[in-house]
Amino acid sequence: MHGLCKFGFAGLIPSLLLAPLALAQQAANAPLPEIRQLLSEVDEHQKQLEKVRENYTFSTSQLVEDLDGDGRVTKTESREWEVFFVNGHQIASLVKKDGKPLDGDDLQKETERVTKAVEKAQKPEQEQHKDEKEISLRNILEIADVRNPRREIYRGRSTIVFDFVGRKDLKAHGLSEDLSKKLQGTVWVDEADRQVAHEDNFMLVKNWSFPNLPTFTNTPPYDWSMVTSSLNEMIPPPDPATPTVYGATTSDTGVPGQNSPTPSEKIHTNHAIVCVPATGLFYDPSYGLTYTGPADSETQALDGYASKFSTDAPNHYRVRMSSGLHKATFSPATCIAQ
C-alpha cells in the first residue's frame with residue numbers, strides 16, 4: 001500500500017496550557033535551541049508520557065447496522081473492546097460480541113492474538129520489521145531536511161517552528177522510509193513543555209461547498225474557515241443542529257465509501273492506496289476509485305486542503321480548494337503494469 005499526501009506524527013500529545021504573555025515575550029529574545037537537541041528532549045518527554053499512559057485502560061464500543069433499500073435496519077452487530085498501552089503502542093482486546101462476553105474458541109483466539117500483539121509491542125524498535133516502523137519525531141532528522149527554524153507565539157505560548165522536507169537521496173529501508181521521501185510539512189514545538197503543539201495539514205475528500213465570499217483575506221489561497229469538534233475530527237459535528245456545517249465549509253453528498261453513501265469522516269492527514277500491477281493503475285480501497293496518478297486522484301477524490309495557522313483558535317483551520325493544485329503525491333509516482 002502506498003501513502004497519499006500528508007504526514008502526521010503518531011501519538012504526540014498537544015500542549016493546551018496558556019503561559020503568561022511576559023514569559024512568552026522573554027522567550028522571544030532568547031537564542032533558538034539546536035533542533036537536534038530540541039527533538040531529543042521532545043522524544044524523552046514523550047517517553048515519560050507513554051509510561052504514565054500505560055497505567056490506564058479504557059473501553060470502546062462499535063455498533064454496525066445493515067440497511068435495506070428503504071433504510072430499514074436488517075442486521076445489527078456490536079463489539080466492545082478494552083484498550084490499553086504497551087511501550088507506546090495501543091492494543092485493543094475484544095471482550096464482547098453482540099453484548100455477550102467472549103467464551104470458548106473465540107476467547108482463546110482473542111487471547112492468543114492480544115498476547116502476540118503485546119510481545120510485538122515490547123520488542124525494541126530496532127527489532128521491528130523494516131516496513132512496520134513508525135516515522136515520527138524520533139527519526140525525522142534521519143529521513144528529512146529541517147529548514148527555516150524560527151520562534152512563534154502559538155495559542156499564547158512560545159513555540160519553536162520548523163519546516164521539514166523528505167530527503168530525496170535517502171537510501172530507504174522499507175516502505176515507511178520510502179514514503180518519507182515525499183513528506184513535507186511544518187511542526188510547532190512548545191518551547192517550555194517540550195511537546196508538539198501543532199502540525200500541518202489534512203485533505204478534504206469530496207464533496208465540500210465553499211461560500212462565494214472568503215472568510216479570510218490575509219492568507220490566500222487559504223480563504224475559508226473550517227471548524228471541527230476536535231483536532232482533525234468531524235464526529236461529533238461542532239453544532240448537532242447543523243450536522244453538515246463545519247465553519248464556512250459544508251459537507252455535501254460526495255464520494256461514497258466506508259460502507260456509506262457519504263462517509264462521516266472525510267478529512268484525513270494521510271491515506272493509503274494500492275498499486276495494481278495487472279492494470280498499471282492505482283486503486284483506492286476506501287472509496288472504490290481507480291486513479292492513473294496523483295493528479296487524477298486529486299481531481300476525482302479531493303475538494304481541498306486545510307492548514308492550521310498559529311493565530312487561529314483551537315479546532316479552527318483555513319481551507320483552500322484543491323482544483324489544479326497537484327499537491328497530492330504517490331510513492332512510487334507510477335504504477336507499472338506487469
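Read-outs throughout are calculated quantities, based only on the coordinates presented, and are distinct from any laboratory measurement. Just so it is clear, the model here is predicted, and its values are computed rather than measured. Cβ coordinates were reconstructed from backbone atoms using ideal geometry, including for glycine residues, and neighbour counts include every protein chain displayed.
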message = Please compute the modelled spin-label separation between Glu77 and Tyr283, points set 7 Å along Cα→Cβ, answer in nm with one decimal.
response = 2.1
request  = Using amide H atoms built 1.01 Å from N in the peptide plane, name the residues 5+ places from Ala248, or on other chains, whose amide H lies under 5 Å from its own.
outcome  = Ser225, Met226, Val227
task = Just list whichever of Lys100/Lys266; Lys96/Lys116; Lys75/Lys116; Lys75/Lys97; Lys51/Lys116; Lys75/Lys100 have alpha carbons separated by over 25 Å in the model shown.
result = Lys100/Lys266; Lys75/Lys116
query = Which order do Cys335, Cys275 fall in if you start with the one that has the fewest other Cβ atoms within 10 Å?
reply = Cys275, Cys335
query = Between Asp98 and Val276, what is the spin-label point distance in nm, taking each point 7 Å from the Cα along the Cα→C-beta axis?
reply = 3.4
ask   = So, in nm, how far is label Asn218 from label Lys109 when the simple model puts each one 7 Å beyond its Cα toward the Cβ?
value = 5.8
message = Which residue, Ala306, Ser209, Gly254, has the largest displacement toward the positive end of the dipole of the stretch 202-321 when charges sit on each Cβ (Lys, Arg +1; Asp, Glu -1)?
response = Ala306
task = Count charges around Phe84 for me, please; just the other residues with Cβ under 11 Å from its Cβ, Lys/Arg as +1, Asp/Glu as -1.
result = -1
query = Summing Lys, Arg as +1 and Asp, Glu as -1, what charge do residues with Cβ under 13 Å from the Cβ of Tyr291 carry, Tyr291 excluded?
reply = -3
ask   = If contacts are Cα pairs under 8 angstrom and at least 6 residues apart, what is the relative contact order of the stretch 202-321 in percent?
value = 35
task = Could you calculate the contour length gain from Asp43 to Leu67, that is, 0.36 nm times the residue separation minus the distance between their Cα atoms, to one decimal place in nm?
result = 4.0 nm
ask   = Over the stretch 57-127, what number does the Rg to Rh ratio reach, with both radii from the alpha-carbon atoms and Rh per Kirkwood?
value = 1.13
